Structures are given as C-alpha cells and as structure tokens.
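Nothing in this text is a laboratory measurement; each read-out follows from the coordinates by a stated rule. Because the structure is predicted, anything quoted here is derived from the model rather than measured. Cβ coordinates were reconstructed from backbone atoms using ideal geometry, including for glycine residues, and neighbour counts include every protein chain displayed.
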Amino acid sequence: MAKQGVDPDELTQPFWDAANEQRLVIQNCVDCDRLQHPPSNTCRDCDDGGALEWKQVSGRGTIYNYGVVHDCPVRLLQEDQPFNLAVIMLDDDPGIQMYSHLPGVPVDDVPVGAAVEVIFEPSANGQLVPEWRVIDG
Amino acid sequence: MTTPTAPDSMYRNDEGLGIWEHRGKVAAVGVGHAPTSRRWDGRPETCVGAITIDALRKAIDDAGVAPDQIDGLVVVPVTTTGAFWEAGKPLPMDVIQSFNQTDDPLDGIAKLSAEWLLKNMPELTNVNFTMYGPGCMSNALNVTAQAVGDGLTHTCLVVKSWHNFEGRYYQGGANAGAALPGTPAITQLWGGPASYSTALQFAEYCRKYGKTHEMMAPFMENSRRNGLRFPEGYWAQHRPEELGPEDYLASRWIAKPANLFDNDIPIMMSGAYLFSTAERAADMKQKPVYILNHASSNTRPRSLLPTLDEVEADTARTGRKIYEGAGITADDLSFENMYDGFSLFHQFHLEGLGYRGIKFGEALDFYQTDISIEGPNPVSPSGGNVGSGRSRVWMHTDCIQQLQGRAGARQVTGVKPEVGVSGGPMPLGGNYTVWSASPD
Ligand SMILES: [Zn+2]
C-alpha cells in the first residue's frame, strides 16, 4: 500500500533517518530507562521531564489487535480499502505499540498474537517507513 | 476582559479527595437548545455564533432570570466537528458584518470566544467572570460547578456549540496531502478513522469476554428510541427513523467492528445551561437540580491507543471518584447517561460505574435485558449521540430534565428520578457530573 510521504521534523528526524537505514529506533528516557512511543520532547513519566535518547530495538513483536478500515480519511489509502490496520506490541517492551497494514495478510483474516518482524517500505516520497510482516512457522 | 482557560486546580482528578466541598450547594436550573442542522447553510442567522446566542437566551428564559442578574459565562471555545475553514477560502463577509466581530474573523463561524458572545449579547451587562472549559460540555460543566461553588460567580451560563461545514468529515487538510510532517506521520500514515481506537478496544473486549457486535443492537435501538423522544435532537427534528437490529447490523463498516451507526453523525447544535447557587436557584422558574460532585480523569495511554486493561483500570477509578465525592454508591443511581459517541465504548463507562451491579464483561448481556425508560434499569435515557447526533450535550440535558420531571416522552417511569450521572467523552480520561433532585 502506497503511504503518504514523510517530511521529518526536528523531533522525529532520528526515527526517520534510522528507518532509511532499515533500523527501528524508539525513544528511551535515560533517567527512568523506559521506552516511549509516539515520541515527544520530554519523558512523560518523569515529573521533571527526563532526558531522551533513541534506542535501537530488536524489530520483533506480536500482533496485539486489529481492525479493518473501510472508510479511511487519507485520500491516498482509499483505493486500497478495505485494508487491515493492526497494532503491534514490541517484544522489547509490550507496552509500546506501532501500527501496521500487515502486508501479505488477507483482509480480516489476521492472526492476533502471531509473531511479526519489522520491514521497511518506501512511502510516496521515498522515505522508508516501518511495516511488519508475519514470521512464518 | 481576557478569558482564561480553567486551571487544573478546578478539576477533581484524584481519588481520596473526599466529599466535594460544594456538594448540593450548586444547582442547574435553565436549559436552552438551538435548532440542529446537518451543516451550516451559510446564513448569518444559522452560524455557530448565532445558534449559541439562541441557546443561551433560551436557557436564561427557561430559568426565568433577568439577564442583568447573570455574572458568569463558561464557554467551550472549540466548535469543530472535524470540519475546518480551509486556508485561503474567502471569508464570509456578509456573515462577519452581521455581528460585532472580534479580532478573529472566524470567531462565531468556526470557533467561539467569550468576548464574541458578550459583544453580541448586549443584555449581559454584568458578566464579570468568564472562563474556557476546553473540549466538551462535560469539561465546561465541571468548571462551572466549581466556579459557582467557589463563589467566582453566582449565576453562570455555560455553553457548548458545534459547527459543521460542507465536505466529508476529516478528509481535507493533511489527509489529502502528498506528505505528512514527521511527528504526525508516526500515527497518521496508516489512516485509522476517528472510531478506529474504540473499534479496537471493542474487538479486544469481544475476544476477552466472548461477546459479539450483534449484541450492541438492543442498545442502539433503545438509544435511537430515546433520541426520537428528544425534541431538541437531530434525529427527532430531521430524520425520525427508528434504528432496529436489521438496519443497524446491515449498515456499512467504517472501521470494523465499528459501523456507520456506531459513529455519531456530525451536526450543528448549541446547548446551554444556567447554573446558580442552591440559594438563588430556589427562587428561579424551574426546579433546581443539585450538583453532588464533579470528577475528572486525565489519564493517557502508555503508547498509541488505550488497551482494554488501561480502559478498565481508568473507568473503575473514575467510578470510584464519582461516588466518593458525591457520597453515594452505585445503588443510588436512578439512571445513567454516560457518553456514547462512539457507541462501542458505552459499555466501558457502565462497567466502570458498576451500574446495577454489572462487572467487567457483563454490559452487553445487560443490553439484552430491559434497558428502556419504562423499566427498572434505564440505560442512556437521553439516547445520547446515537439518538440525537454528535453533541456530547444530550446526556447532561437529559439528567437535568429527568430530575426536574420535564423530560416529556423520555421521562423515566420505571424508577423514581432522584440521582443521575453523565459525562465523558472517552472512557480513558473525561469529565463527569453527578446530578440530584435533592441537595442532600
Ligand atoms: Zn523518564
């Protein structure tokens, strides 16, 4: 599925740069050593807003949940309707979620709980975007 | 006069705060609603500012209060249903020139300031307290109750309005663009519709407890039935159609398992109330409805979307806060009017409250029993957003009208209307009010 392009901004430049190198990085608080996603400018758990670093994660996860999108607000995705939209939980920290269209998985036939691994797919402007595929077997 | 946004200190976010210090000392008296419509037709007399003035004047009349007795105004400044005035679109000068405008030409058209309202309601000569309650009427009600209790105002109007423009919901702007900035891209590239998060929580709920989407049908039918008895609502005014199980279950998916009817219809509307101290309210035209408590939650999910565990923990906490501050238990509720837009999360609110003793995973079974306004266990007697369109206001109006005994064809008959609860929006977070026919 062709996604809209991405224009990295100051906050997310490291995330998108890493994606272009086919690496998945997630924000981590140096003070409380806790991952957070989506990224923000300060740690959401430390009262004084702990300092943040970008930490490379394994790129393994499981399918936590999914829905099937039939009426999508994003124009570019409308030609692919209906499509799966799943939430992946990272093995590194099952509290951290990422979205996936689950390329290759039939619509509404999603194996909840299955193991997945990150892949990187080009978006409309060539920026690589993390996606997830089911690990066979 | 600059209008501040309500400070955090006005909300009751924590457990263990004890009985609300103003319990029974603040009352709602007057109710005012403007006619609803699907979208703005471009006329000055139907712009969001105009319908807001209409609703406010009706609330004042309803309470039987002279406008110069009013000293407070709480406003929700955001009025969008998801429709925005596109950048570069010419301004509607005929509309702008019909009002006393502020520095912002879209004030009264695509947003609402307290300043705009006061400039266009010259009869409000003595308002010296204004405040913004962000987001929803549920929030603004908490602010109003606290402000009256704290003595910041003794007779206060509170209003929430919605505008809706031509064009499909949320489909303009960034969603039509070739690229997204990096930060929103992390959540928006995948194209989840507004109801997606709720749909996923519902899917997880169904898997965990062995329930199905079909089990929502009696709730939807009941909500529309109640909505059609809400003369102020959109469906009653414009499309008086029942919503039986066949029609509900045959409708198209938006984000499966959320279908079209699980998504409330965006409309233009305005709803207003007049609040006062219990003392002053005693002399007004309508029976006072006393506020026993207000409670809030500012919980956020750990990551992208709230999990079922996060939702259940927070609704349970919210239930405890609601009861603690009001000094009541679930057994004291005559009815519940928790939020329902999207319909697929109403059960989370019900279970968090423990309404009629139901526990996690039991609400959809409860929906298969008598939940009508004639029965002993009324669910959403307002009909909510399902029954009357997107406003997040009907639930509050209904609590007031039920307890005043003037809910008309919607009046609950299977229970004595003594205490009700309303609020939302989402089950994680939100603002809630406990209403009572008696101050103690
Ligand atoms: Zn931290």
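Miscellaneous remarks
- Length-normalised contact order for the stretch B:30-130 - Cα pairs under 8 Å, 6+ apart - percent: 36
- Whether the stretch B:142-222 is rounded, prolate or oblate, judged on the alpha carbon gyration tensor where a/c under 1.5 counts as rounded: oblate
- Amide H partners (placed H, <5 Å) of residue B:304, local residues excluded: A:97
- Under 12 Å, Cβ to Cβ, from residue B:236 - net charge with Lys/Arg +1 and Asp/Glu -1: +2
- Averaging the sequence gap over all C-alpha pairs within less than 8 Å and six or more residues apart, then dividing by the number of residues, gives chain B a relative contact order of 24 percent.
- Shielding of A:1-7 by partner chains, average beta-carbon count, 10 Å: 6
- Residue B:374-residue B:103 pseudo-label distance in nm [points 7 Å out on the Cα-to-Cβ vector]: 5.9
- Given charges at Cβ of Lys, Arg, Asp, Glu: the protein assembly as shown dipole, positive-most of B:230, A:98, A:114: B:230
- For chain B, modelled as a GNM whose springs connect Cα atoms under 10 angstrom apart, the maximal fluctuation among B:154, B:238, B:346 occurs at B:238.
- Proximity of backbone amide H atoms, modeled 1.01 Å from N, is registered between residue A:65 and A:87 at under 5 Å, excluding neighbours fewer than 5 places apart on the same chain.
- Estimated [θ] at 222 nm from DSSP helical runs (n ≥ 4, -39500 (n - 2.57)) normalised by residues in chain A, nearest 500: -1500 deg cm²/dmol
- Projected label points at residue A:78 and residue B:2, each 7 Å from Cα along the beta carbon direction, are separated by 4.3 nanometres.
- The order of the peptides A:37-44, B:12-19, B:282-289, B:419-426 by mean Cβ neighbours within 10 Å, most packed first, is B:419-426, B:282-289, A:37-44, B:12-19.
- Dipole in debye (nearest 20) - the stretch A:59-137, about Cα centre, beta carbon charges: Lys, Arg +1; Asp, Glu -1: 100
- Note on chain B: helix-only mean residue ellipticity at 222 nm, from DSSP H runs of 4+ residues weighted -39500 (n - 2.57) and normalised by residue number, equals -8500 deg cm²/dmol.
- By average C-beta atoms within 10 angstrom, highest first, the peptides B:198-208, B:334-344, B:79-89: B:334-344, B:198-208, B:79-89
- Charge tally in the Cβ shell below 14 Å around residue B:178, where Lys, Arg are +1 and Asp, Glu are -1, residue B:178 excluded: +1
- In this Cβ point-charge picture (+1 for Lys and Arg, -1 for Asp and Glu), the protein assembly as shown has a dipole of about 1140 debye about its Cα centre.
- Residue of B:187, B:102, B:413 that the Gaussian network model of chain B assigns the largest fluctuation, springs spanning Cα pairs under 10 Å: B:187
- Taking the Cα centre of chain B as origin and assigning +1 to Lys and Arg Cβ atoms and -1 to Asp and Glu Cβ atoms, the resulting dipole is close to 440 debye.
- Label sites at residue B:61 and residue B:15, each approximated as a point 7 angstrom past Cα along Cα to Cβ, lie 4.7 nm apart.
- Long-range HN-HN contacts of residue B:254 with modeled amide H, under 5 Å: B:259, B:260
- Residue mean of other protein chain beta carbons inside 10 Å, B:295-305: 4
- Out-of-range pairs (alpha-carbon distance over 28 Å; input B:208/B:256; B:25/B:285; B:89/B:256): B:89/B:256
- Backbone HN-Hα couplings from phi across the stretch B:58-75 [Karplus 6.51/-1.76/1.60, Hz, Gly and Pro as x]: 5, 5, 5, 4, 4, 7, x, 10, 6, x, 6, 8, 7, 10, x, 8, 10, 10
- Each residue of the stretch B:322-335 is assigned a 3J(HN,Hα), and the resulting list reads 4, 6, 4, x, 8, x, 10, 10, 4, 5, 7, 6, 6, 7 Hz, derived from the Karplus form 6.51 cos²θ - 1.76 cosθ + 1.60 (θ = phi - 60°), x at Gly and Pro.
- Here the extension length gained between residue A:47 and residue A:91 equals 13.2 nm, from 0.36 nm per residue of separation less the Cα-Cα distance.
- Packing-based order for B:131-139, B:60-68, using average beta carbon neighbours within 10 Å, highest first: B:131-139, B:60-68
- Lys/Arg +1, Asp/Glu -1 at C-beta; chain B dipole; positive extreme among B:244, B:9, B:137: B:244
- Computed FRET value (nearest 0.05) for residue B:214 with residue A:9, which takes r as the C-beta separation and R₀ as 45 Å: 0.55
- Listed values for the stretch B:340-350 are Karplus-derived 3J(HN,Hα) couplings in whole Hz (6.51 cos²θ - 1.76 cosθ + 1.60, θ = phi - 60°), namely 9, x, 9, 4, 6, 10, 4, 5, 5, 4, 4, and x replaces Gly and Pro.
- Relative contact order of the stretch B:48-195, taken over Cα pairs closer than 8 Å and 6 or more residues apart, is 37 percent.
- Per-residue shielding of A:59-71, expressed as the average number of other chain Cβ atoms within 10 Å of the residue Cβ, stands at 6.
- Each Lys or Arg adds one and each Asp or Glu takes one away; over the other residues whose Cβ falls under 12 Å from the Cβ of residue B:342, this sums to -1.
- DSSP beta bridges in chain B [antiparallel fraction, %, rounded to 5]: 65
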